[in-house]
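The values are calculated or read from the model by the stated rules, or taken from the named source; none is laboratory data. This is a predicted model, so every value here is computed, not measured. Cβ coordinates were reconstructed from backbone atoms using ideal geometry, including for glycine residues, and neighbour counts include every protein chain displayed.
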Amino acid sequence: MVTGLSMDTVIAGNTLADSRVCVDLVEVYDSDVQEFGRKAAILGQMIRQGIQVPTGLCFSHSILHTLYGSTSDSHTEKSMEYSHQMQPEALSGFILDNVHLKFGYSWMKRTSLVVRSSASVENSKAASFAGIFQSVPSVNSEPQLVESVTSCWNSQFADHVSKYMQRMGLSGFPVRLGIIVQEMVVGDVSGVVFTRTPILPRRNATLLIEAAYGLCAPVVQGTCNPDRYWVDIQTFRTYAQQAESVQSFETYVELSEQVGSKQSGCLSAGEVKRIARTSLFIERLFDYPQDIEWTLRGGELFILQSRPLTSLSL
């Protein structure tokens, strides 16, 4: 538990039925998906298994309902009306007090934060909701932090959310949204892992890592040409393809961990193997092929997110 503060001190006359309105990510379990969202529950499970995840906390869906006085979680016109009644000043004290307790009063001098939506309906085998709900990186001030939390909460009422849910056959399905606040880890190299890939004939035996220098977002959003590494999940034999040659499947080369071996692209053979081993551990943890976002900073591997692969027929 991050704090014992009561919402009574923030919103006079209202009391939450669930006192766990803000918790450390390590305290979010599968049973908490309806309050803190599936993204937070996945991060919590990985942390408890010893996987390095950027430190953070999560605000519960109940804060939003207390502020709005809403009795419905569906995407209705009434819910849309609630989204426009957000009063950041009513939440700011509560948000900032908890963030101060977690990151310190001078956090903005030491680090940036990232504010992330965590919905009950996302990151499932049927629907990933990738990029549907809002996240705000590089938060560097208290006013920006409160504004970012507000923006993420309101994102659940956006038109594209309803359209996506309709396309996925989830119209009218309850959406409960928690909000994650984490340290923003600015990596030297970042990317994604698909623990099974349909690109090669032996898809069920091959893992694919995509990597680029800098932040993870360009790789995830497909706005850069990443280096690619295909890894045999049994032998960890690795073939690399640098960004400038990704259009040709005849240009990949085998990586070696031998001393003095040339690095291919932005990852060494040792780093590829470490990312692959961690990713396969995560796959075993969730008992399903995973789509994983990661970053390397100063040689440390951080896992930013993991979700079931939805584009692979096993």
Matching option when the condition is surrounded by 22 or more Cβ atoms within 10 Å (Cβ to Cβ), at pLDDT 90 or above and either touching a Lys or Arg at 6+ places or on another chain (Cβ under 9 Å) or not basic (Lys, Arg) (or both), among Leu113, Leu91
Leu113
Would it be correct to say that Asp188 is under 30 Å from Ala269 (Cα atoms), more than 14 Å from the chain's Cα centre (by Cα) and among the charged types (D, E, K, R)?
yes
Among the residues of the stretch 269-287, is there at least one that is modelled with pLDDT under 95, surrounded by 16 or more Cβ atoms within 10 Å (Cβ to Cβ) and of a type in the set (S, T, N, Q)?
no
Residues of the stretch 147-202 satisfying the condition of being on the phi > 0 side of the Ramachandran plot and either of a type in the set (Val, Ile, Thr) or free of Cβ contacts under 8 Å to residues at least 24 places away in the same chain (or both):
Gly169
Output yes when any residue across the stretch 99-108 is under 18 Å from the mean Cα position of the chain (by Cα) and either buried (at least 20 other Cβ atoms within 10 Å of the Cβ) or closer than 15 Å to Met184 by Cβ (or both), and no when none is.
no
Quick one: how many residues across the stretch 36-50 are outside any helix (DSSP H, G or I) and out of contact with any helix residue (DSSP H, G or I) (no Cβ under 7 Å at 6 or more places or on another chain)?
2
The residue from Met46, Met86, Met80 that alone is out of contact with any Asp or Glu (no Cβ under 9 Å at 6 or more places or on another chain), surrounded by 16 or more Cβ atoms within 10 Å (Cβ to Cβ) and modelled with pLDDT under 85 is Met86
The residue that is surrounded by the most Cβ atoms within 10 Å (Cβ to Cβ), considering only those in the stretch 121-174 that are at pLDDT 75 or above, closer than 18 Å to Gln221 by Cα and polar (S, T, N, Q), is Ser135
Restricting the stretch 49-68 to residues that are crowded, with 20+ Cβ neighbours inside 10 Å and polar (S, T, N, Q), the one nearest to the chain's Cα centre (by Cα) turns out to be Ser60
Confirm whether Gly178 is surrounded by fewer than 19 Cβ atoms within 10 Å (Cβ to Cβ) and either at pLDDT 70 or above or not basic (Lys, Arg) (or both).
no
